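In what follows, a single structure is set out as structure tokens and then discussed.
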Amino acid sequence: MQQQQARSLKGFATGVGRDFLRRALPALPAYVLLLLLATAALWGDSGWQLGATVTTLLASAGMVGAMARRRYRWAGWQVAAALLLLTLRPAWSGLEPTAVGRLVTLVAVAAVLQVAWSSLRLFGFSQRLQRVADAIPEERVLELLPPEAAGRVRAWLAGDAAAATEIKVVVRLALLCVALQEAGTRGELRRWAHASRDLRR
């Protein structure tokens with residue numbers, strides 16, 4: 001009886017939200033690159049400030065598109081803004097460089113803020129996902145599993161040490177599926193349904 005109490009599926013729920021967030025967010029170098037580009041766009045030399053801003057917009061579009069799991073990752077407003085900035089070059093448009101510089105500053109800040117906002121939203125969703133995963137009853141998880149897998153999990157709970165790694169993967173997938181159903185909106189479910197595959201890595 002003590003062995004059964006020591007083994008619980010609750011332990012597999014730990015880190016579901018963290019793993020989800022780690023795979024949902026862009027890699028750290030992407031954030032570093034975005035900050036370097038934004039710094040160049042805001043305080044760099046005026047000769048290549050516009051180019052740095054356009055690159056900042058494209059990097060922001062790619063990161064936000066990846067976080068939103070959009071099919072067309074570059075379909076954000078940033079691409080349209082980058083094209084607009086290219087047409088507003090003082091040498092082509094005849095506009096005052098000061099006015100163009102203000103616009104450059106505005107769009108660069110907006111691009112960085114959108115990445116920050118999207119990252120914070122994902123962080124909040126991962127926290128909600130973890131709370132739901134922690135509260136899921138074991139029987140609810142077992143009901144989602146195929147009979148053979150459920151039998152192996154029950155055997156593991158009873159003390160069988162075989163295939164513990166495989167059981168961990170299967171249980172975490174089931175936990176993520178249930179947590180997504182209970183924590184996510186319909187839009188979030190559509191965007192993140194395929195994310196459960198990442199837990200196999």
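Every number here is computed from the coordinates shown, using simple stated rules; none is lab data. As the structure is a prediction and not an experimental result, all values here were calculated from the model. Glycine gets a Cβ as well: all are built from the backbone with ideal geometry, and neighbour counts include every protein chain shown.
List of remarks:
- Given their separation in residues at 0.36 nm each and the Cα-Cα distance between them, Leu113 and Thr165 gain 14.7 nm when the chain is fully extended.
- Applied to the stretch 99-113, the Karplus parametrisation 6.51 cos²θ - 1.76 cosθ + 1.60 on θ = phi - 60° returns per-residue 3J(HN,Hα) values of 5, 5, x, 5, 5, 4, 4, 4, 6, 5, 5, 4, 5, 5, 5 Hz, with x for Gly and Pro.
- Cα lying deepest toward the dipole's positive end in the stretch 108-168, options Leu113, Pro147, Thr165, charges on Cβ: Leu113
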